[in-house]
Amino acid sequence: MKIYRLGTVSEREKLLKELGVQSGGIRIMARKMETLWIMIRDLRTPAANILKQDALSVGADLAVPSGVITCEKERVDVLLIATRSQILTLARKELAQPFGLREVAARLKGFLKEPQDPVQIMGVLNANDDSFYSGSRFRGAAAIERIEQMIEEGAQIVDIGAVSSRPGSEPVPAAEELDRLRGICDAVKESRLYEKVLFSIDTTTPEVAEYALRSGFGLVNDIAGALDEDLVRVAAEYGARYCIMHMQGTPRTMQQNPCYEDVTAEVDAFFAKRIERCEALGVPRERIILDVGIGFGKTLEHNLELLRNHATFLHHGCPLLIGASRKSMIDRIVPAPTEERLPGTLAIHLKAVQEGASIVRCHDVAEHRQALEVWRRLHTLS
């Protein structure tokens, strides 16, 4: 006899199949192989009592503060600890319960969603002279060479921008932004590079986005998170994908004492509203990507919390993008200049992938391709 403990098993159904488990039991058992922790804030106390008993009845548990049984407070925060199978059963139970538990049931089912797409690498190119990482700046013929190099190294998406969004940066007139990008867009169109990979335009300016989309680009990467409805309409007109990023404030003001009561909940609510706006303006949910905006109006602790809780945003049904490449949060953990932050970048991005990210925006394509392939082999059975 040999007995040993398994580590993380991401391909649960495949493992059960290889063990010879009957097909009918594979899905049931797979749901029992992963425990989730779900925070529920501001829940009515009677609902907490009902949810506690229902959780125990299915073999799960609900961590509650003292005084819940006697309803000392009107509302409380609770923590649900349950497997996927238990959450599914619990959600069915709560559909018949009062005190807002039907809404809880719907949200619980949403948290069972998992990323469906393989992880893609988005390479970054900046057509300006003041982006925070000098290694990302390319103009003219050098820009096209760099694009071709990133494609060769394994990028499936190439993100091109011409305006720095580093903390404290100032906006750039639309005409100047377009002037910086026009030559690159024209070269992408003439050489038909857009047939090899998806090109993304990093802009908040409708006319710049339209020029890029006419040149074969297929994604609008909007750091303002669909604030400008005209930008969304342009993306809708060209059938482009749309990345909604969260940012508190503007690049010029975002790091001036950023503050949240609950950063995960507030970013989640922001996504819900902006997805609704995009859908109303003609961009369907299946073409929307979400980016929590690491470093955009967040402290180190805000960034860390969003990374730890990244999987929560999967319930929207959109791919999640992570972009923390060489950012200052690394320097706040282990002091290092921008040029020496690749190890920290890889650690952050691999954590985000583990928590559901399926698009990794980075400066170092070859290094990410290697790291992600090794990570994949560690988490799969073949």
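Before moving on, here are some points about what is shown:
- Within the listed set Arg326, Arg84, Arg192, the residue fluctuating most in the Gaussian network model of the chain (springs between alpha-carbon atoms under 10 angstrom) is Arg192.
- Rounded to whole numbers, the Karplus 3J(HN,Hα) couplings from phi for region 334-345 are 10, x, 6, x, 3, 5, 10, 9, 5, x, x, 4 Hz, using 6.51 cos²θ - 1.76 cosθ + 1.60 with θ = phi - 60°, and x at Gly and Pro.
- Taking a point 7 Å from the Cα of Glu339 along the Cα-to-Cβ direction, the residues of region 133-171 with backbone N closer than 16 Å to it are 133-137.
- Distance (nanometres) between label positions extended 7 Å along Cα→Cβ at Glu153 and Asp117: 2.1
- Summary value for the chain: 15 percent relative contact order, contacts being C-alpha pairs under 8 angstrom separated by 6+ residues.
- Label assignment, Cα Rg over 2.2 N^0.38 Å derived from the structure, set (1) 0.97; (2) 1.08; (3) 1.31: (2)
- Point-to-point label distance, Ala142-Glu373, nm (Cα→Cβ direction, 7 Å offset): 2.9
- Per-residue Karplus couplings for region 40-57, computed as 6.51 cos²θ - 1.76 cosθ + 1.60 with θ equal to phi - 60°, are listed in order as 10, 9, 6, 8, 4, 4, x, 5, 5, 5, 5, 5, 4, 5, 5, 5, 4, 5 Hz, Gly and Pro entered as x.
- Exposure proxy ranking, count of Cβ atoms within 10 Å, fewest first, for Lys351, Lys273, Lys327: Lys273, Lys351, Lys327
- Filter on Lys2/Lys109; Lys32/Lys327; Lys109/Lys351 - keep pairs with C-alpha separation over 29 Å: Lys2/Lys109; Lys32/Lys327
- FRET E, pair Arg332, Arg75, Förster distance 35 Å, beta-carbon r, rounded to 0.05: 0.55
- Nonlocal amide H pairs with Thr83, under 5 Å, H built at 1.01 Å: Leu36
- In plain terms, the chain from Gln354 to Thr253 could stretch by 33.2 nm, reckoned as 0.36 nm per residue minus the Cα-Cα distance.
- Summed residue charge, Cβ within 13 Å of Gln86's Cβ, Lys/Arg positive, Asp/Glu negative: +2
- Charge-dipole axis of region 34-110 as Lys and Arg at +1 and Asp and Glu at -1 on Cβ define it, positive-most pick from Ser85, Gly67, Ile50: Ser85
- The chain: most fluctuating residue of Val119, Val76, Val267 per GNM, C-alpha cutoff 10 Å: Val76
- 11 Å beta-carbon shell around Met122, net charge (K/R +1, D/E -1): -2
- Springs join every pair of Cα atoms under 10 Å in this Gaussian network model of the chain, and among Gly24, Gly282, Gly249 the largest mean-square fluctuation is at Gly24.
- A Förster distance of 41 Å, applied to the separation of the beta-carbon atoms of Asp61 and Ala280, puts the FRET efficiency at 0.55.
- Percent of beta bridges antiparallel (DSSP, the chain, rounded to nearest 5): 25
- Three-way shape label, region 230-382, alpha-carbon gyration tensor, a/c 1.5: oblate
- Between Gln22 and Ala265, the FRET efficiency from the beta-carbon distance, with R0 = 45 Å, is close to 0.60.
- Residues Met33, Met329, sorted so that the one with the fewest Cβ neighbours within 10 Å comes first: Met33, Met329
All of the numbers you see were taken from the coordinates with simple rules; none came from a lab. Here the structure is a predicted model, which means the values were calculated and not measured. Note: ideal-geometry Cβ built from the backbone for every residue, glycine included; neighbour counts use all protein chains shown.
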